[in-house]
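Structure record follows, encoded as structure tokens.
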Amino acid sequence: MDTTTITSEVVELLCRISRQKLREQDITPLVVFLTALISILRGVMIIDRTIAVEEEERLQKTLKAFASGDPDRIELIQRLVKGVSKQQVYFNPTELLTLTALFSESEKLLLIGSGYEMSAADGHIDLREQMYLQSMGNRLGLDSRHIAVLDTLFTKEGTLDSEAFGEVQALLDPSEFESRDQVFAKAAKHLLALLLRK
């Protein structure tokens, strides 16, 4: 995501979701990514109408990793979680597309891959969760072969396209995120390790 081009539309959306006027230092690529991530994770949690304890724990663990102990960031994340839920951003493709417009292919893949991890947190991927993630991946413009790789690895159904899997591995290589906050590289490394174990 290009840091210099966070649009006024994105800033306005972040302020509306967090229900506060954000300071300039709050409007970072990490906060934009986190808002999209919270939206996808909440969408996965809510779509099957059952929020499992494991899903709540997964959400908290993910957010804690991205907060990296910064008290201001923790408070902002809590506001974003509430705002995303209250405004149901996860069911608003236009808002999600606004948030992700400047994301790289790697960032979009990390986003949807984290959604699959959330979906598998309770030991079972519900068909509605699977369809939600496929639909969101398609809306974000991800290569359908890459979505299929995530789908196959997490559901353990279907045949893995080894060429597409190689491409997914390259896109999630932590070096793809070197110009970002180090938390991106850590998240990519975690997801990649998870996929390699599947």
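The values are calculated or read from the model by the stated rules, or taken from the named source; none is laboratory data. Since we're looking at a predicted model, the values are computed, not measured. With ideal geometry, Cβ positions are generated from the backbone for all residues, glycine too; neighbour counts draw on all protein chains shown. To get the accessible areas, we keep the full protein, side chains included, count just its heavy atoms, and leave off ligands, DNA and RNA. Shrake-Rupley method; radii C 1.70, N 1.55, O 1.52, S 1.80 Å.
Worth a mention:
- Computed over protein heavy atoms with a 1.4 Å probe, the carbon and sulfur contribution to the accessible area of segment 1-87 reaches 51%.
- Prolate/oblate/rounded label for segment 104-151 (Cα gyration tensor, a/c 1.5): prolate
- Here the peptides 41-48, 54-61 are ranked by packing, the mean other Cβ count within 10 Å, and the order with the highest first is 41-48, 54-61.
- Volume of the Cα convex hull of segment 1-48, divided per residue and given in Å³: 77 Å³
- Sulfur and carbon atoms: percent of accessible area, segment 112-166 [1.4 Å]: 50 percent
- Principal-axis tilt of helix 53-67 within the chain, Cα atoms, nearest 10 degrees: 60 degrees
- Net charge in the neighbourhood of Ser144 (other residues with Cβ under 14 Å of its Cβ; Lys, Arg +1, Asp, Glu -1) is -3.
- When Rg and the Kirkwood radius Rh are both evaluated on Cα atoms of segment 90-187, their ratio Rg/Rh stands at 0.95.
- The angle between the Cα long axis of helix 162-171 and the main principal axis of the chain comes to about 20°, on a 0 to 90 degree scale.
- For the chain, taking Cα atoms only, Rg and Dmax work out to 15.7, 48 Å respectively.
- C-alpha long axis of helix 71-87 to longest principal axis of the chain, angle in °: 70 degrees
- Rolling a 1.4 Å probe across the protein heavy atoms gives segment 1-157 an accessible surface of 46 Å² per residue.
- Measuring against 28 Å, Cα to Cα, the residue pairs Lys21/Lys189; Lys61/Lys108; Lys82/Lys198; Lys21/Lys186; Lys64/Lys108 contain Lys21/Lys189; Lys82/Lys198; Lys21/Lys186 as the ones spanning a longer distance.
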